[in-house]
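Asker: Starting off with a structure, shown below.
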Amino acid sequence: MKLASLHSGGKDSAFSLYLAEQMGHEVPVLVNIVPQDEASWIFHTPNLDVLPLMAESMGKELVTAPSSGSEEGDMEGLRAALEGLDVDGVVTGAIWSDYQWDRMGLVCGDLGLKVVSPLWRKDQDLVMEELLSSGIRAVIVGCYAEGLGEEWLGREIDRGAAEELKRIRAKTGISILGEGGEYESLTVDSPLYSRPLSIDSAEKEWSRSGGTLRVRSASLAPRKGPSGGTS
């Protein structure tokens, strides 16, 4: 099928897009909803202004639509972005959130679009392992759960981080994928990127309830070749 990717810039949307293309689907369009309120009911909000760089690196069209950030506003924004697109369906990074699944399903159903969710209801440890093996690289840009301190902001989600997240889960019950809103991520590289994303400057904002890494400037870096040179 020809699909649009609901794309936040986080690891789950990047991984679901990668898997959809591995399944043989054509995914020429990224769709991003931009909530005015960071406490969006449905969509990821940190650092959405780097999405054009990601789209450029993947050679894909980027379609955006605003939202107030309320439940109704998010659904209206999604509908506005999807209406008129020449696609058969939408690929999402949903894993366990019935709330997100239901809301996105309602909009897509009304528009006659199929919903493709390669990660839906998969075991989270398995998803983490497959993500780490895929070549996708992401960093944590938001921390909102016990056990995730300021030192996690900007940290890459690698095997060491995954093992640490599992240890925190054993104590506090968090989702190691951040599926419960424990953390947000930003994808800096993927097998679909022609060039990786470079975070050139960023600032940490921290309070008692958690914090966010605000990317102030970013660019696409040259891809290093096998010998360490650039290409």
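Asker: Filter the stretch 49-76 for residues that are loosely packed, with under 15 Cβ neighbours inside 10 Å, modelled with pLDDT of 90 or more and closer than 23 Å to VAL107 by Cβ and give the result.
Answerer: Answer for the stretch 49-76, where residues must be loosely packed, with under 15 Cβ neighbours inside 10 Å, modelled with pLDDT of 90 or more and closer than 23 Å to VAL107 by Cβ: just GLU61.
Asker: Determine, yes or no, whether ASP86 is in contact with a Lys or Arg (Cβ under 8 Å, 6 or more places away or on another chain), among the acidic types (Asp, Glu) and either without any contact (Cβ under 8 Å) to a residue 12 or more places away in the chain or surrounded by 19 or more Cβ atoms within 10 Å (Cβ to Cβ) (or both).
Answerer: no
Asker: Quick one: what pairs do we get from the stretch 176-199, first residue surrounded by fewer than 18 Cβ atoms within 10 Å (Cβ to Cβ), second of a type in the set (Gly, Ala, Ser) and not in a loop (DSSP other than H, G, I, E, B), C-beta under 7 Å, 6+ apart or different chains?
Answerer: Matching pairs, first to second residue: PRO191/SER134; SER194/SER57; ARG195/SER57; SER198/ALA218; SER198/SER219.
Asker: Mind listing whichever residues of the stretch 100-111 are over 17 Å from the mean Cα position of the chain (by Cα) and touching a residue at least 24 places away in the same chain (Cβ under 8 Å)?
Answerer: Selection gives ARG103, LEU106, VAL107, CYS108, ASP110, LEU111.
Asker: If you don't mind, another one. Kindly establish whether GLU164 is over 25 Å from VAL27 (Cβ atoms), modelled with pLDDT of 95 or more, acidic (Asp, Glu) and not in a strand (DSSP E or B).
Answerer: yes
Asker: Run SER134 past the list (1) modelled with pLDDT under 95; (2) under 25 Å from GLU26 (Cα atoms); (3) among the small types (Gly, Ala, Ser) and report the number of the one that doesn't hold.
Answerer: Condition not satisfied by SER134: (1).
Asker: Restricting to the stretch 206-221, what's the tally of residues that are loosely packed, with under 14 Cβ neighbours inside 10 Å and either closer than 18 Å to LEU153 by Cβ or of a type in the set (Phe, Trp, Tyr) (or both)?
Answerer: 6
Asker: From (1) assigned by TED's automatic domain parsing to the domain that holds MET54; (2) within 30 Å of ARG195 (Cβ to Cβ); (3) under 18 Å from the mean Cα position of the chain (by Cα); (4) of a type outside the set (Phe, Trp, Tyr), pick out the condition that doesn't hold for ASP74.
Answerer: (2)
Asker: So which residues in the stretch 181-198 are over 11 Å from ILE157 (Cβ atoms), part of a strand (DSSP E or B) and either touching a Phe, Trp or Tyr at 6+ places or on another chain (Cβ under 7 Å) or small (Gly, Ala, Ser) (or both)?
Answerer: SER198
Asker: List pairs: first in the stretch 54-73 and touching a residue at least 24 places away in the same chain (Cβ under 8 Å), second of a type in the set (D, E, K, R), Cβ under 6 Å, 6+ apart or cross-chain?
Answerer: These pairs meet every condition: SER57/ARG195; SER67/ASP74; GLY69/ASP37.
Asker: Return the only residue of GLU146, GLU203 being over 15 Å from GLY10 (Cα atoms), modelled with pLDDT of 95 or more and either among the small types (Gly, Ala, Ser) or surrounded by fewer than 17 Cβ atoms within 10 Å (Cβ to Cβ) (or both).
Answerer: Exactly one residue qualifies, and that residue is GLU203.
Asker: Which of the residues belonging to the stretch 94-109 are modelled with pLDDT of 90 or more and buried (at least 17 other Cβ atoms within 10 Å of the Cβ)?
Answerer: Scanning the stretch 94-109 gives VAL107, CYS108.
The values are calculated or read from the model by the stated rules, or taken from the named source; none is laboratory data. Note that this is a predicted model, so its numbers are computed, not measured. Reconstructed Cβ throughout: ideal geometry from the backbone, glycine too, with neighbour counts over all protein chains shown.
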